[in-house]
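Every read-out reported here was derived from the displayed coordinates using simple, explicitly stated rules and does not represent laboratory data. Because the structure is a prediction, the values reported are computed rather than measured. Cβ placement follows ideal geometry from the backbone for every residue including glycine, while neighbour counts extend to all protein chains displayed.
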Amino acid sequence: MKKIILFIICTQLITISQELKLFGVAQPGNAIIGKADNISQVMLNDKILQFDKNGYFTFGFDRDAKGTHLLKIKYTNGKSEIKRFDLPGREYEIQKITSTKQEFTGPPPEELPRIEREREIMRNARRKIGIIDTAYFSSGFMLPIKNAKITGVFGSQRIINEVPQNIHNGIDYAAPTGTDVFAMADGLVQLAGDNFYYNGNFVLIDHGQGLSSIYLHLNKLSVATGEFVTKGQKIGEVGTTGRSTGPHLHLGVNWYNNKIDPNSLIGIGL
Ligand SMILES: [Zn+2]
């Protein structure tokens with residue numbers, strides 16, 4: 001009798017865990033994509049997550065996330081499941097530079113009103129991200145550029161003359177001006193930015209449920225705000241517009257306000 005009960009418990013556990021699939025590695029700076037059938041609620045710690053009709057959901061850990069995080073899933077049959085993530089530490093590249101040149105000066109005062117206007121446009125576009133429940137990201141993610149050399153990694157920081165600079169929240173790919181840039185995944189263009197002071201020409205794509213990608217310093221844009229794009233579609237060409245020292249693509253990914261390493265999503269099989 002005991003054996004039979006144990007057998008029943010085991011098969012039920014197996015059945016439940018088979019329903020939940022998680023793609024990605026739980027570490028600071030990474031996003032995870034999940035899929036399960038018959039979900040009634042998904043929570044990460046105290047935050048209720050979105051999920052779509054196919055059972056896809058996503059969440060991410062910020063660059064400096066620490067500690068234990070709990071993913072709680074309730075199913076329509078009343079069962080529930082908890083996954084525990086104990087985040088490991090993550091080391092980032094820190095470059096200490098001593099320079100006598102004033103390489104990184106602030107913007108000239110006459111540009112400040114323009115910079116503030118552009119910040120407001122960006123804030124408005126980012127506020128829309130998280131409204132779409134549909135997991136456009138279920139298309140999977142691909143490298144947005146071919147044959148490019150990585151010249152800047154996610155999470156790195158320069159310390160110039162002992163002054164810490166902004167953290168680099170993305171990946172830099174050096175490539176000649178005019179090199180094609182592709183959408184990493186399906187999504188809606190929330191903003192095709194035209195010659196911003198810092199970002200230059202850029203594209204901000206909403207992949208659903210708070211997940212977005214941004215492509216900066218483009219020479220040319222091939223898409224407009226409000227357009228739906230598919231994974232691998234050309235969205236523009238590499239350039240050095242905005243605050244940039246040479247032709248390259250800066251690729252950034254966010255889950256809401258959390259800064260995500262694009263590498264955590266590129267190539268994960270869904
Ligand atoms: Zn960059």
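Summary table
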read-out	value
Cβ-defined net charge surrounding H207, 10 Å radius [Lys, Arg +1; Asp, Glu -1]	-1
Theoretical gain in end-to-end length, I131 to I94 [0.36 nm per residue, Cα-Cα removed]	9.7 nm
Reachable lysines, given that their alpha-carbon falls under 27 Å from the alpha-carbon of K79 and they are not under 8 places away in the same chain	K2, K3, K21, K35, K47, K53
Cα-based helix-to-principal-axis angle, 2-19 vs the chain, degrees rounded to 10	30 degrees
For the chain, calculated [θ]222 nm from helices alone, where every DSSP H run of n ≥ 4 adds -39500 (n - 2.57)	-4500 deg cm²/dmol
Between segment 143-169 and segment 31-84, the Cα center-to-center distance that results, in Å	30 Å
Reachable aspartates and glutamates, given that their alpha-carbon falls under 12 Å from the alpha-carbon of K96 and they are not under 8 places away in the same chain	E162
Most mobile listed residue (D46, D133, D180) in the chain, GNM with C-alpha springs under 10 Å	D46
Anchor K72: aspartates and glutamates whose Cα lies under 13 Å away (excluding residues fewer than 8 positions away in-chain)	D46, E81
Shape call, segment 165-270: gyration tensor on alpha carbons, a/c limit 1.5	rounded
Within a Gaussian network of the chain (alpha carbon springs, distance under 10 Å), most fluctuating of N147, N258, N54	N147
Distance between modelled label sites at N195 and I82, nm, 7 Å Cα→Cβ extension	5.6 nm
Segment 164-237: chymotrypsin sites (Phe, Trp or Tyr not before Pro) in DSSP loop, at most 13 other beta carbons within 10 Å	none
Between 0 and 90°, nearest 10: helix 112-128 axis offset from the chain longest Cα axis	20 degrees
